[in-house]
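The values are calculated or read from the model by the stated rules, or taken from the named source; none is laboratory data. What you see is a predicted model; the values in this text were computed from it and never measured. Here the Cβ positions follow ideal geometry from the backbone for every residue, glycine too, while neighbour counts run over all protein chains shown.
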Amino acid sequence: MLPLKWGLKGNGRMKRIAIGLGLLAGLVAGAVAVVWFVPSVQDALVKRGMVQALSKAANVSFMRDKALHILLCGTGSPMPDLTRAGGCAAVIAGGRVVVIDAGPGSWAKLAAAGVPGASIDTVLLTHLHSDHIGDLGELATQSWLGGRKVPLNVYGPPAPQPSERVSDAEGDVLGAAGTEEAVKGFAEAYNADADFRIAQGHDLVPTEAARMIGHDIARPGAEEAVTVYDQDGLKIQAFLVNHDPVEPAYGYRIDYGGRAAVVSGDTKKVANMVRFSRGADVLVHEALNPDMVEMLASALDQTGNKRAGTMARQVIAYHTTPVEVAEIAKEAGVPHLVMTHMVPPLRNALMRRMFMRGVAAARGAGDTVLGYDGLLISLPAGSKAFTTKRLF
Ligand SMILES: [Zn+2]
Ligand SMILES: [Zn+2]
């Protein structure tokens, strides 16, 4: 049994702790009340937060360092996914930014990552599906308002050759536009917006830069690559992939500072992906899990939406499975693999785990990352380093 004085001493300590905690709770409650009810304190706090956020965004190191960066600004597909924008990957090197695809919602992701709109003057399209071009108007407008001084140049596939054009049920050949024509349509749709903004702040926004200009990239030979961008050591080449009946569709190989990355675009498994990924440090490849899409299609059938179920099954034919993506990376000897354009939408950790079934076994050596919006991949020039960072 403890002597009496020890018991008293213990009680006194507990009391002091209780009083201390009470005082602390009072102080916290008081501070919260001040913030919640005093407008001048609110103003000061919010203003300080704005300055901090803007100076952080104005000083992102990836715009200044000597590395090839690939920022995933959209890793979703046409299937709605609140956590993933449509297809988008920004190439950032030596202060230059080239955006590959501008899927719906991708501008917001670029802005959240701190990519300055003024630095975006070139967009490369892999193909003209809506989930890769839906934010083109927004990207053009926001980069212009952000200070871009030249028109936005958009490069992408030409119209399909007449023999490659798709037909409708009656066998009539359907017309299809190439990038030049599609971008002309976007530009026309955004003309009124540009006029309103010029009227409002004509001395702040250069009129000429409001335009966006589409260019068709001449179709390369079956096993060839064509250079589409070559500025200050940043070189980007387009090569053919197979997203039939979307024809032609391109993948891109990016080289800078002795480092290289490949962005697949949408495609089924093709030899060109292995061919042009050889010697690259990272392959960013689309992936569709057919078993999971079949589950989704059955769920659609069961819930009375057979039409959507059939459409979901059709999608399986022109994409690459995660295991095939791993095989491509292994065959090409690419040390780092990042999956993107995940189909179906992966809503939780269990679905992400299922999506990757069989990948580790097929991959062999080398790592695999399931991509997400805001993932920054960095390849410092003249080294073998590879780092990834979540920007938001
Ligand atoms: Zn797509
Ligand atoms: Zn597509």
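Laid out as a table, the results:
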quantity: When residues of the stretch 90-121 are limited to those that are in contact (Cβ under 8 Å) with a residue 40 or more places away in the chain and assigned to a strand (DSSP E or B), the one surrounded by the fewest Cβ atoms within 10 Å (Cβ to Cβ); calculated: R96
quantity: The one condition in (1) within 20 Å of the chain's Cα centre (by Cα); (2) part of a loop (DSSP other than H, G, I, E, B); (3) more than 16 Å from ligand 1 (Cβ to nearest atom) that D266 fails to fulfil; calculated: (3)
quantity: Any hit, the stretch 143-163, residues being basic (K, R) and under 25 Å from the mean Cα position of the chain (by Cα); calculated: yes
quantity: Yes/no for G251 being assigned by TED's automatic domain parsing to the domain that holds G358, touching a Gly at 6+ places or on another chain (Cβ under 7 Å) and within 19 Å of D131 (Cα to Cα); calculated: yes
quantity: Residue within the stretch 280-296 that is under 20 Å from A89 (Cα atoms), more than 16 Å from ligand 2 (Cβ to nearest atom) and not in a loop (DSSP other than H, G, I, E, B) present; calculated: yes
quantity: Strands (runs of 3 or more DSSP E) fully within the stretch 320-392 counting 2 or more residues that are within 20 Å of R253 (Cβ to Cβ); calculated: 336-343, 367-370, 375-380
quantity: Single match in S298, S277 (criterion: without any contact (Cβ under 8 Å) to a residue 60 or more places away in the chain, more than 21 Å from T122 (Cβ to Cβ) and within 21 Å of the chain's Cα centre (by Cα)); calculated: S277
quantity: Whichever residue in the stretch 123-149 is among the β-branched types (V, I, T) and within 15 Å of ligand 2 (Cβ to nearest atom) and, among such residues, is farthest from M212 (Cα to Cα); calculated: T126
quantity: Cross-chain or 6+ apart pairs with Cβ under 7 Å, the stretch 64-89 first and touching a residue at least 12 places away in the same chain (Cβ under 8 Å) and away from ligand 2 (no atom under 16 Å from the Cβ), then aromatic (F, W, Y) and assigned to a loop (DSSP other than H, G, I, E, B); calculated: L72/Y372
quantity: Scan of the stretch 36-60 for residues that are β-branched (V, I, T) and either at pLDDT below 95 or in a loop (DSSP other than H, G, I, E, B) (or both), ordered by number; calculated: V38, V60
quantity: Members of the stretch 65-99 that are within 16 Å of ligand 1 (Cβ to nearest atom) and more than 18 Å from G374 (Cβ to Cβ); calculated: P78, M79, P80
quantity: Strands (runs of 3 or more DSSP E) enclosed by the stretch 212-251 - at least 3 residues per element that are buried (at least 19 other Cβ atoms within 10 Å of the Cβ), within 16 Å of ligand 2 (Cβ to nearest atom) and under 21 Å from the mean Cα position of the chain (by Cα); calculated: 234-243
quantity: Residue count, the stretch 126-173 (criterion: in contact with a Lys or Arg (Cβ under 6 Å, 6 or more places away or on another chain) and modelled with pLDDT under 85); calculated: 1
quantity: Matching residues in the stretch 122-154 - criterion: being surrounded by fewer than 19 Cβ atoms within 10 Å (Cβ to Cβ) and assigned to a strand (DSSP E or B); calculated: N153
